[in-house]
């Protein structure tokens, strides 16, 4: 199957689809993959079960009977170093109809939104766009991220600010060490660290387009790296 305007488009959360693929790669998913299977993984809430199953079928990951497709099995068997490339190949086939109009490596949010305007259900088009962007971000491609599916974006080195004549200093004075960073990024997911590292530094500015792309990409990468989970009831609430 593939995403076309002739049938409902997929609109499950991208973080859920990517998490299920990772689960299948690391531990396998029992067959058939149905609502009960997904519920037992702990990765899909009850409210998301119908749209997740529909998305898995439309994206050619499971059959109507719930069996993993050859596509899903190829992703499971892919070596880690080739996984993002395999993800990109799968997405390019699943979204072939959409890719006639946009390039996910260079398209902005408006262009991607326009590419989904003919898809049904109309009320879920925004979620279709979010799924599309999140999946391509997982493959190393997405809004504001250029390059092939195996190359991570590299932040542009900031242009040093223009300096006036330096103040005189004593020849005996030693160099002052640079101040420590205000906060450590140790422990953050690499995708978030790379995105934050792309911010202008040293007092440099950026264009409105660069700012808009960052604000659009950040929540997508954030949701992919740190998925939203169901709220846990506190002891006080249970009482």
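The values are calculated or read from the model by the stated rules, or taken from the named source; none is laboratory data. What you see is a predicted model, and the numbers here were worked out from it, not measured in a lab. A quick note on method: Cβ atoms are made from the backbone with ideal geometry, for glycine too, and the neighbour counts reach across all protein chains shown.
Laid out as a table, the results:
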item	result
Which listed residue is outside any loop (DSSP other than H, G, I, E, B), touching a helix residue (DSSP H, G or I) at 6+ places or on another chain (Cβ under 7 Å) and in contact (Cβ under 8 Å) with a residue 60 or more places away in the chain, from 3, 16	16
Residue 69 buried (at least 16 other Cβ atoms within 10 Å of the Cβ) and free of Cβ contacts under 8 Å to residues at least 12 places away in the same chain	yes
The range 111-165: number of residues that are within 21 Å of the chain's Cα centre (by Cα) and either under 19 Å from residue 51 (Cβ atoms) or at pLDDT 50 or above (or both)	26
Condition met for residue 72 (in contact with a helix residue (DSSP H, G or I) (Cβ under 9 Å, 6 or more places away or on another chain), within 21 Å of residue 128 (Cβ to Cβ) and outside any helix (DSSP H, G or I))	no
Hits in the range 19-58 - residues which are in contact with a strand residue (DSSP E or B) (Cβ under 9 Å, 6 or more places away or on another chain) and part of a helix (DSSP H, G or I)	24, 53, 56
Qualifying residue in the range 29-42 (condition: within 20 Å of residue 122 (Cβ to Cβ), surrounded by fewer than 19 Cβ atoms within 10 Å (Cβ to Cβ) and at pLDDT 95 or above)	no
Qualifying residue in the range 77-91 (condition: free of Cβ contacts under 8 Å to residues at least 60 places away in the same chain, over 20 Å from the mean Cα position of the chain (by Cα), within 18 Å of residue 10 (Cα to Cα) and surrounded by fewer than 17 Cβ atoms within 10 Å (Cβ to Cβ))	no
